[in-house]
1. Which condition breaks for PHE50 when tested against (1) hydrophobic (A, V, I, L, M, F, W, C); (2) outside any helix (DSSP H, G or I); (3) at pLDDT 95 or above; (4) surrounded by 13 or more Cβ atoms within 10 Å (Cβ to Cβ)?
2. Please verify whether ARG96 is of a type in the set (Lys, Arg), touching a strand residue (DSSP E or B) at 6+ places or on another chain (Cβ under 7 Å) and assigned to a loop (DSSP other than H, G, I, E, B), treating the condition exactly as stated.
3. Of all residues in the range 80-111, count the ones that are over 17 Å from ARG132 (Cβ atoms) and polar (S, T, N, Q).
4. Do you know which of the residues in the range 189-212 that are modelled with pLDDT of 95 or more and touching a Pro at 6+ places or on another chain (Cβ under 7 Å) is nearest to ILE44 (Cα to Cα)?
5. Tally up the residues in the range 151-193 that are in contact with a Leu (Cβ under 9 Å, 6 or more places away or on another chain) and without any contact (Cβ under 8 Å) to a residue 24 or more places away in the chain, please.
6. Report, by residue number, each residue of the range 112-146 that is at positive phi and either over 12 Å from the mean Cα position of the chain (by Cα) or free of Cβ contacts under 8 Å to residues at least 60 places away in the same chain (or both).
7. Show the residue pairs meeting these rules: Cβ distance below 6 Å; 6+ apart or different chains; first residue within the range 67-88 and under 26 Å from ASP26 (Cβ atoms); second residue modelled with pLDDT of 95 or more and among the hydroxyl-bearing types (Ser, Thr, Tyr).
8. Among the numbered criteria (1) closer than 23 Å to LEU13 by Cβ; (2) surrounded by fewer than 16 Cβ atoms within 10 Å (Cβ to Cβ); (3) not aromatic (Phe, Trp, Tyr), which one does GLY214 miss?
Amino acid sequence: MTADPADPAFPELPPGAFARVDGGDDAAFYAEARLVTHIDEAAIGALTAFYRRILPPGGALLDLMSSWVSHLPDDVAYGEVIGHGMNAEELAANPRLTRRFVQDLNRDPALPLETASVDGAMICVAVQYLQRPHAVLTDLARVLRPGAPLAISFSNRCFPSKAVAVWRALDARGHARLVELYLRRAGFLAIETHRLSEGWASDPLTVVTGRAPGESGAGPHQA
């Protein structure tokens, strides 16, 4: 297992909390496109319904750590959907994205987006791979408009060799508390956990939400 430096933002976490079994180049790991979904149809449906409620219609959205599908409701129009990921082919196959960029956030957590330029953001079943969550989410708070929502969803699936050690050591409740901690330390407000599926008849699915700090405006920016 590769070691990682302690993150001063999380003094309560043990040494090696953000280490991974596979410390190899993420670009190589994600070089082959995976045009598959990582949660089942029922969980996807629950997530889409949740997005309908929390993400502002007409707004600019950032789908961070995205792939070939964003799980957004088909009948809702958004002003812009910016997609970030690790595989250009996957992002190019996503019909909801109006703009896209490839970037390894574990190497460079600074997002190439203007401050207060995004009305909502989501991270779907991928937060477990962040080795620098405080840096990433702090910069995400920067690019979100004050009061804009962030939805971080996760299930019980992952690539274990690329998930950080603290994630692998926790159960579903622990995962929710960890993501809540991430958001608090990054300055997010109104943090809530929503259990969308218990996993009895479909994949389990939890969403932790927060609001970007600052005074919220009247609504989504209209270009």
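The values are calculated or read from the model by the stated rules, or taken from the named source; none is laboratory data. Just so we're clear, the structure is a prediction, and the values are computed from it rather than from any experiment. So basically every Cβ, Gly included, is an ideal-geometry build from the backbone, and we count neighbours across all protein chains shown.
1. Condition (2) is where PHE50 drops out.
2. Judged against the criteria, ARG96 is a match.
3. Within the range 80-111, residues that are over 17 Å from ARG132 (Cβ atoms) and polar (S, T, N, Q) number 3.
4. The residue in question is THR209.
5. So the answer is 4.
6. ALA116
7. HIS71/THR48; LEU72/TYR51; VAL81/THR98
8. Condition not satisfied by GLY214: (1).
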